[in-house]
1. When you go through T95, T60, T119, T128 one by one, which is the residue that is among the β-branched types (V, I, T) and either out of contact with any helix residue (DSSP H, G or I) (no Cβ under 9 Å at 6 or more places or on another chain) or without any contact (Cβ under 8 Å) to a residue 24 or more places away in the chain (or both)?
2. Quick check on my filter: what residues within the stretch 30-47 are closer than 24 Å to E112 by Cβ, assigned to a helix (DSSP H, G or I) and free of Cβ contacts under 8 Å to residues at least 40 places away in the same chain?
3. Given the residues V61, V50, V56, V71, which is the only one that is assigned to a loop (DSSP other than H, G, I, E, B) and either under 12 Å from the mean Cα position of the chain (by Cα) or surrounded by 18 or more Cβ atoms within 10 Å (Cβ to Cβ) (or both)?
4. Of the residues H192, H135, which single one is part of a helix (DSSP H, G or I) and either within 30 Å of L37 (Cα to Cα) or modelled with pLDDT under 95 (or both)?
5. Tell me which residues, restricted to the stretch 74-117, are assigned to a helix (DSSP H, G or I) and of a type in the set (D, E).
6. Which is polar (S, T, N, Q) and at pLDDT 95 or above, of S169, S144, S200?
7. Does the stretch 116-131 contain at least one residue that is among the small types (G, A, S), modelled with pLDDT of 95 or more and surrounded by 14 or more Cβ atoms within 10 Å (Cβ to Cβ)?
8. Only one of I104, I91, I86 is hydrophobic (A, V, I, L, M, F, W, C), assigned by TED's automatic domain parsing to the domain that holds Q155 and at pLDDT below 80. Can you tell me which?
Amino acid sequence: MPPAKRVMKPEAATEIDGRKARADESRRRIAQAMLDLLREGERQPSAEVVADRAGVGRRTVFRLFNDMDGVFHEMHAIMLGRLLPIFSAPIDGATWQERLANMIERRARLFEDMLPIKTAADAMRYQTDFLTEQHGEFTAMQRSTLRFVVPKEIQADKPRFEALDLALSFEAWRRLRKEQRLPPKNAAETMHRSAEVLCS
């Protein structure tokens with residue numbers, strides 16, 4: 001005779017669902033606190049600082065995120081929700097030059113918004129498979145968007161296309177903003193000028 005199946009009582013299932021909902025909310029608050037602190041210039045916020053900003057206990061931070069992979073998974077989900085509509089919006093312009101200019105303006109806004117978070121993620125990229133994969137996907141997305149915008153003759157000229165891809169990359173934006181200390185407006189103008197020279 002087969003053993004009787006154990007049936008979970010409704011109140012027990014409700015309690016488990018409630019615990020999961022509370023854990024999910026705490027995880028989201030911790031990830032949002034990390035994003036806010038990174039934007040404010042905290043390069044490696046401590047668990048105490050994150051817990052205080054999120055309004056949770058320090059033990060909760062360690063319990064929910066026992067490694068940084070978990071933190072960046074949740075942060076990535078929040079950032080993706082904000083940035084995906086901008087990434088996926090149609091690129092405007094009657095000519096490819098106008099579409100390229102529109103793409104650069106969009107990148108300037110996105111790169112500036114991402115700057116503190118992506119910089120922190122890149123500092124830890126080789127410590128976690130998730131961040132390595134996300135960096136590869138982000139780089140591939142930038143290249144595919146550029147290929148979509150520029151004409152085939154530029155794509156066929158490999159050195160020119162590679163130089164253009166580099167000049168309009170997030171890494172170039174970070175160099176312009178951090179090392180060369182250009183304000184966002186001037187950094188965007190520099191990208192536009194680089195594209196004009198490489199595409200002429």
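1. Working: T60 fails: either out of contact with any helix residue (DSSP H, G or I) (no Cβ under 9 Å at 6 or more places or on another chain) or without any contact (Cβ under 8 Å) to a residue 24 or more places away in the chain (or both); T119 fails: either out of contact with any helix residue (DSSP H, G or I) (no Cβ under 9 Å at 6 or more places or on another chain) or without any contact (Cβ under 8 Å) to a residue 24 or more places away in the chain (or both); T128 fails: either out of contact with any helix residue (DSSP H, G or I) (no Cβ under 9 Å at 6 or more places or on another chain) or without any contact (Cβ under 8 Å) to a residue 24 or more places away in the chain (or both).
The conditions single out T95.
2. If we filter the stretch 30-47 for residues that are closer than 24 Å to E112 by Cβ, which is where we start, we get 31-45.
Narrowing further to those that are assigned to a helix (DSSP H, G or I): 31-39.
If the condition is that a residue be closer than 24 Å to E112 by Cβ, assigned to a helix (DSSP H, G or I) and free of Cβ contacts under 8 Å to residues at least 40 places away in the same chain, then A33, D36, L37 are the ones that fit.
3. Being assigned to a loop (DSSP other than H, G, I, E, B) and either under 12 Å from the mean Cα position of the chain (by Cα) or surrounded by 18 or more Cβ atoms within 10 Å (Cβ to Cβ) (or both) holds for just one of V61, V50, V56, V71, which is V56.
4. Details: H192 fails: either within 30 Å of L37 (Cα to Cα) or modelled with pLDDT under 95 (or both).
So the residue among H192, H135 that is part of a helix (DSSP H, G or I) and either within 30 Å of L37 (Cα to Cα) or modelled with pLDDT under 95 (or both) is H135.
5. Our first condition is that a residue be assigned to a helix (DSSP H, G or I); within the stretch 74-117, this holds for 74-88, 96-117.
Once the filter is applied, which keeps residues that are assigned to a helix (DSSP H, G or I) and of a type in the set (D, E), the stretch 74-117 yields E74, E98, E105, E112, D113.
6. Values: S144 fails: at pLDDT 95 or above; S200 fails: at pLDDT 95 or above.
Sole residue among the options that is polar (S, T, N, Q) and at pLDDT 95 or above: S169.
7. Narrowing the stretch 116-131 to residues among the small types (G, A, S): 120-121, 123.
Retained after the next criterion (residues that are modelled with pLDDT of 95 or more): none.
The answer is no; no qualifying residue exists.
8. Values: I104 fails: at pLDDT below 80; I91 fails: at pLDDT below 80.
Result of the check over I104, I91, I86: I86.
The values are calculated or read from the model by the stated rules, or taken from the named source; none is laboratory data. Model, not experiment: these values are computed from the prediction. Reconstructed Cβ throughout: ideal geometry from the backbone, glycine too, with neighbour counts over all protein chains shown.
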